[in-house]
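K.L.:
First the structure, then my questions, so here it is.
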């Protein structure tokens, strides 16, 4: 079932209910419109607009009317801010407890990718998932080599201005883990051989760096394309918070699993393009915000209108309605 089949239309009464439940200030029309929306949407919100609190209010309304016991809402971000806000604002309520348990799912984008995509692919290959952690993976790679082998490899890489700690898998061919890298030394050299030995040992014992989960995830989506369809059926409503900080590898997975053009999945992305942490090296598969389906929340609780009006023209992406 899609979102329209899972909940009844959201009313002004629902907005008043959540305002009272969460002890919110009076909500203006853009915020009320966001809470009542039931379709794929990008929300561009200015600094201090209370994005995460508004996201939690939206989730509370959805959970209040949710009909399915096997399909749920998927909430993704870069931190656990949404979960912490639910615990803070709704922790003592039945609605809050409902959001924090099955069938709903709240996690980081990395956590979702590891659990639903990377880990299943590893299990299908008979590889245990020991750790998704940069430091533990580097330690596993060091242990695969004799001390002098590691020291020599490290020196050679550093002479080429590459830190061995920056090596990441670009392939799931663990017998040739440097595939995709352009290096100054050939595959016949001790440096190349030892680097492959170290990376292969870590991978085959289930040690991976954080960003390598996206390589594993893509492998599953290639091998088993029906997995994406199954996840869309499992999560017909997806809400991504702090979308402006989503990197290409993360957005690529999200666009493959939850494409915004799919009428059976509601994808709500919330963020502030003017607070972007990372300078994107590549355009996102589905750029944010999508100007064809964007709602703006233009008022801030952090500073008044006179200050905002001065700052707005200097923003990377000015809010058209002002702040």
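The values are calculated or read from the model by the stated rules, or taken from the named source; none is laboratory data. In this text the structure is predicted, and so the values were computed from the model without any measurement. A quick note on method: Cβ atoms are made from the backbone with ideal geometry, for glycine too, and the neighbour counts reach across all protein chains shown.
K.L.:
For residues that are in a loop (DSSP other than H, G, I, E, B) and within 20 Å of residue 186 (Cβ to Cβ), scanning just the range 139-164, find the one that is farthest from the chain's Cα centre (by Cα).
P.N.:
145
K.L.:
Additional query: Taking only the range 97-108 into account, find how many residues are assigned to a helix (DSSP H, G or I) and surrounded by fewer than 21 Cβ atoms within 10 Å (Cβ to Cβ).
P.N.:
Counting residues in the range 97-108 that are assigned to a helix (DSSP H, G or I) and surrounded by fewer than 21 Cβ atoms within 10 Å (Cβ to Cβ) gives 2.
K.L.:
For the structure I just gave you, tell me whether residue 111 is in the same structural domain as residue 22 (by TED's automatic domain parsing) and either over 30 Å from residue 202 (Cβ atoms) or buried (at least 18 other Cβ atoms within 10 Å of the Cβ) (or both).
P.N.:
no
K.L.:
While we're on this one: Condition check: under 20 Å from residue 92 (Cα atoms) and in contact (Cβ under 8 Å) with a residue 12 or more places away in the chain. Does residue 24 satisfy that?
P.N.:
For residue 24, the condition - under 20 Å from residue 92 (Cα atoms) and in contact (Cβ under 8 Å) with a residue 12 or more places away in the chain - is met.
K.L.:
Filter the range 228-260 for residues that are in contact with a helix residue (DSSP H, G or I) (Cβ under 6 Å, 6 or more places away or on another chain) and part of a helix (DSSP H, G or I) and give the result.
P.N.:
Those that are in contact with a helix residue (DSSP H, G or I) (Cβ under 6 Å, 6 or more places away or on another chain) and part of a helix (DSSP H, G or I): 228, 231, 244, 249, 250, 253, 256, 257.
K.L.:
Out of 165, 135, 158, report the one residue that is surrounded by fewer than 15 Cβ atoms within 10 Å (Cβ to Cβ), in contact (Cβ under 8 Å) with a residue 12 or more places away in the chain and over 21 Å from residue 229 (Cα atoms).
P.N.:
Just a single option satisfies the conditions, and that option is 165.
K.L.:
Taking the criterion of being assigned to a helix (DSSP H, G or I), modelled with pLDDT of 95 or more and in the same structural domain as residue 141 (by TED's automatic domain parsing), would at least one residue in the range 165-174 satisfy it?
P.N.:
yes
K.L.:
Follow-up question, since we're still on this one. Could you please let me know if residue 222 is within 27 Å of residue 143 (Cα to Cα) and modelled with pLDDT of 95 or more?
P.N.:
No, not satisfied.
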